[in-house]
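Enquirer: Okay, here's the structure, questions in a sec.
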Amino acid sequence: MNIKSAWLKWGIAFFLTTFGLFAASGIYLGEDALDLLPDSAVRGDIQLLQRMGLVNRVFISLEIDPSQTTISKNGVEQALQTSARQVGSALAENPVFREVLYQLPTGHEWKLLDQLWTYLPALLTEGDLRRLQSKLTTDGLNQALTEDFALLNSPAGLPLKEQIRRDPLGLSRLLIKRLSSLRGDFTAQIRDGFFFSQDGRNCLIWAESALPLTDSKAAEQVQDEVQKALEQGLVHGVNARIIGALPHTLANARTVQRDLRKLLPLATLTLFIFFFLIFRDPRALLVVGIPFMAAPVAIAVLRLFYDRVSAIALGFGIVLLGIAVDSAIHIYLALSRNPGGKDAVLKGIKRPVILSTATTLAVFVVLLFSEVPSHRQMAALAITGVFLAVVLAWMLVPTLAIRKPLISKKEHIKPGLRYSKSKLILWGLLLAAGALAWPRLQYNGNLQTLDMVTPKIEADEAHFRATWGPSGDETFILAAGSTLPQALDRNDQVYEELQRHSISGLRSISPILPGPCLQTQNISNWNIFWEKQRVRVEKEIDQIGTELGFISGAFSPFFEWLSAEPVILDPSVLLSGPLSPLIYSMLRLPDKHGTKKSDNNGHEILITTIVPDTPATWPVLKKLQEQIPKVAVLSNSKWRSNIETLVRHDVTRLSIAAGIIIICLIWFFFRMPMPVLGTLAPVLSALSSMAIFNYLCNKDINLMHILIGIMVIGISVDYGIFVVCACQRSMRLSEGNFQNHVFCCKHVRCQHPFRFRGIEPGRASSPPHIGNYSACRDRCSLADRIMDYTYNSERGKGEG
């Protein structure tokens, strides 16, 4: 090959690679768990949880070091309060966090009761009125006033004087009970506004990140800010455990990065050593690296279509470029070992290279229609990269190949090779076992199977559940509405339905912030309730109070309040009150925290109700979602079921399409059943082996298995193509040696060779058959001519 031409080709390749590196340098690389989910209701569920802040919530559990056994109980409480205050205030001042809750305002209990007392008639339901009715009997009134008199004359009674006058029947206890709905199964106790555990040795802080915690880069930034706050705010002897999506995202990203740092150099070194030992030529090492020169260009092209590229797709896409190495090696071996000039050899191997590239690209073209975003990005990167890699290999490998000694006859594939019956039986058993194993494999849609959970994360989460609860998974019920009253009314319907089925452990704002419809109904029931017994109750309270030692008219503030016209509670009262952080943790307004209008349900108000995720609750929740409009039920069990169904359907649909396209391509090239079967034999064997291996291990397949399966199909079909084409070429070469046969011409992989029988011994024959060489040449224009026989009419024989 001309040296100038070789330098020109390498110059073009390096220019493309350099340009690709420059164009791809500004790409935004993201590692987001959402890229692994289908573009369907499941992905929408996660986005709803993100909008509610549930996915982006960070829990920090402060605890006293177990070794600090000499600290007193008061010292423990003081150390935890100081740490919570300092850490919480540092997080609250940080713009990375949008909501931080570590302490309720001082005196929040009395302030809240004062705020809600006026609106008590709008909050108490029919069930509350039935419980109140039992206190309005003579015995009930006598017991209530006796307790009030004893409390008033106790050391703590003086500050409670006005409270007792205003509420002699203890109606505020009903209000306090309704406030417990915000806690659910959590076992936190409020002391001086801080959230303490039952044993008093743990204190809780929770914050909502303004950055998505499913993205590894954002998670790293949030982790840095949390660590700074902990280093500055924790006092001696206090430790912190971080719970939520944050540690999981970081563990996954760091595990992948650590594995790549260790395994990628090791795999690369092993690959180069392997090829050096096989070829024993330093130039062969460049052959392996040529396909990867296409990676920067492929990434630059990908940037034209995607603003953000998934790191998972990028990693797998570059790995898939390794498939093109097979084509580069095939070209190198052909140029090094096959007889003939470089042009003739390249013409001869053009067919298998084109076919192997076409089948590989077909798999990834089908993958472009996947519902999983990372699959589509990976497919786009692989299509561009594999095509460019093959083009570069075809262009550059001939500049490196050096003619080697011809392969001995023993090393050639024997054209007449026939597998023994035992080998065919073993192969048939392998395929049969794989066919039996595949239907028994179950796709595991649980994202936890892809979660790199470290022992520390497991220990921290187990400690959190034991300390704070709840012990199991939770279901989130989101009620949406275009206005806040509409959303509150739907939330009331959700809460009422759950109460009707006696589902416990609820966390909801409905008991303290019902919608206008329920408040209006409550006020109507309240008025009817007191119209029937107001006069009797007032008379008996005055009589019993006088007998117990109260002055006449001591409870006039209560009856004055009872005479006032009940009013509906406006949501702004609670949203600006001491419980506003708790309320906002379960309610999301449309434009709060910069929510985009284009987001799914971004223009609607969302209210969350949290219930335990158990098999007993799911039938109720499913029916509830069907009965009440604009209500979404989000649960881990639902995700697992839906993801399994969606991805299984997606994989089945794409696999069938890819299989049909590959078979059609192979049939178009070979047009005979045996070569087609021979080409697919490695694919069938590989898939059967994978199925058997998974069946023997855990009978599960997940997303990673699917991605690996794509790589296996792309590589194994190339092996089948190269081997079948080599066998065909060897068989046709051998046919030229058959006795009593003379060929006008013979081409590599010619499907319709022109054969002419020569002159048998003792018989005369004219040679007019030999003159049709041009027709043969035209028919076999895609193949290499191996030998030409021209007919010598004078001597009556063919000459090579």
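Enquirer: May I ask you to list the residues in segment 572-624 that are modelled with pLDDT under 80, basic (Lys, Arg) and open to solvent by less than 60 Å² (accessible area, probe 1.4 Å)?
Expert: 592, the sole residue that qualifies.
Enquirer: If we keep just the residues of segment 325-342 that are among the small types (Gly, Ala, Ser) and without any contact (Cβ under 8 Å) to a residue 40 or more places away in the chain, which is least open to solvent (accessible area, probe 1.4 Å)?
Expert: Within segment 325-342, the match that is least open to solvent (accessible area, probe 1.4 Å) is 334.
Enquirer: Looking at 507, 490 in this structure, which one is out of contact with any Ser or Thr (no Cβ under 8 Å at 6 or more places or on another chain) and of a type in the set (Lys, Arg)? Give the derivation first.
Expert: On the way: 507 fails: out of contact with any Ser or Thr (no Cβ under 8 Å at 6 or more places or on another chain).
After ruling out the rest, the residue left standing is 490.
Enquirer: Tell me the residue from 472, 445 that is in a loop (DSSP other than H, G, I, E, B), modelled with pLDDT under 85 and over 30 Å from residue 190 (Cα atoms), please. Lay out the reasoning, then the answer.
Expert: On the way: 472 fails: over 30 Å from residue 190 (Cα atoms).
Answer to the check: 445.
Enquirer: Moving on. Quick one: residue 528 ticks every box in (1) surrounded by 13 or more Cβ atoms within 10 Å (Cβ to Cβ); (2) hydrophobic (A, V, I, L, M, F, W, C); (3) in a helix (DSSP H, G or I) bar one, so which box is it?
Expert: So residue 528 meets the others, but not (1).
Enquirer: Can you name the residue in segment 1-38 that is surrounded by 15 or more Cβ atoms within 10 Å (Cβ to Cβ) and in a loop (DSSP other than H, G, I, E, B) and is also modelled with the highest pLDDT among such residues?
Expert: Among residues in segment 1-38 that are surrounded by 15 or more Cβ atoms within 10 Å (Cβ to Cβ) and in a loop (DSSP other than H, G, I, E, B), the one modelled with the highest pLDDT is 27.
Enquirer: So, one more: Only residues that are surrounded by 13 or more Cβ atoms within 10 Å (Cβ to Cβ), in contact (Cβ under 8 Å) with a residue 60 or more places away in the chain and not hydrophobic (A, V, I, L, M, F, W, C): list them for segment 149-186, please.
Expert: Correct list: 165, 166, 167, 168, 178, 181, 183, 184, 185.
Enquirer: Here's a follow-up. Condition test on residue 537, is it open to solvent by less than 20 Å² (accessible area, probe 1.4 Å), assigned to a helix (DSSP H, G or I) and more than 30 Å from residue 584 (Cα to Cα)?
Expert: Against the criterion (open to solvent by less than 20 Å² (accessible area, probe 1.4 Å), assigned to a helix (DSSP H, G or I) and more than 30 Å from residue 584 (Cα to Cα)), residue 537 qualifies.
Enquirer: Restricting attention to helices (runs of 4 or more DSSP H) lying wholly within segment 114-159, give those where 3 or more residues are among the aliphatic types (A, V, I, L, M) and within 30 Å of residue 489 (Cβ to Cβ).
Expert: The qualifying helices (runs of 4 or more DSSP H) are 120-123.
Enquirer: Name the residue that is surrounded by the fewest Cβ atoms within 10 Å (Cβ to Cβ), counting only residues in segment 110-146 that are free of Cβ contacts under 8 Å to residues at least 12 places away in the same chain and closer than 23 Å to residue 552 by Cα.
Expert: My answer is 139.
Enquirer: Only one of 312, 299, 318 is within 20 Å of residue 22 (Cβ to Cβ), at pLDDT below 80 and β-branched (Val, Ile, Thr). Can you tell me which?
Expert: Working: 312 fails: within 20 Å of residue 22 (Cβ to Cβ); 299 fails: at pLDDT below 80.
From the options 312, 299, 318, the qualifying one is 318.
Enquirer: Another one. List the pairs whose first member sits in segment 281-296 and is at negative phi and surrounded by 18 or more Cβ atoms within 10 Å (Cβ to Cβ), whose second member is in a helix (DSSP H, G or I) and of a type in the set (Ser, Thr, Tyr), and whose Cβ atoms are under 7 Å apart, counting only residues at least 6 apart or on separate chains?
Expert: 284/332; 287/332; 293/17; 296/17
Enquirer: Restricting to segment 540-556, give me the number of residues that are assigned to a helix (DSSP H, G or I), open to solvent by 40 Å² or more (accessible area, probe 1.4 Å) and not acidic (Asp, Glu).
Expert: Residues that pass the stated criteria total 4.
Enquirer: Give just the number: which of (1) assigned to a helix (DSSP H, G or I); (2) surrounded by fewer than 16 Cβ atoms within 10 Å (Cβ to Cβ) does residue 489 not satisfy?
Expert: Checking residue 489 against (1) assigned to a helix (DSSP H, G or I); (2) surrounded by fewer than 16 Cβ atoms within 10 Å (Cβ to Cβ), the one that fails is (2).
Enquirer: Now for a separate question. Here is a list of conditions, (1) open to solvent by 70 Å² or more (accessible area, probe 1.4 Å); (2) under 19 Å from residue 87 (Cβ atoms), and residue 265 meets all of them except one; can you say which number that is?
Expert: Failed condition: (2).
Enquirer: How many residues are open to solvent by less than 30 Å² (accessible area, probe 1.4 Å), in contact with a helix residue (DSSP H, G or I) (Cβ under 8 Å, 6 or more places away or on another chain) and either over 13 Å from residue 587 (Cα atoms) or assigned to a helix (DSSP H, G or I) (or both) when one looks only at segment 498-511?
Expert: Number satisfying all stated conditions: 4.
The values are calculated or read from the model by the stated rules, or taken from the named source; none is laboratory data. Worth saying up front: this structure is predicted, and the values here are computed from it rather than measured. All Cβ positions, even for glycine, are placed from backbone atoms using ideal geometry, and neighbour counts span all protein chains on display. Please note that ligands, DNA and RNA were not included when accessible areas were found on the heavy atoms of the full protein model with its side chains. Shrake-Rupley method; radii C 1.70, N 1.55, O 1.52, S 1.80 Å.
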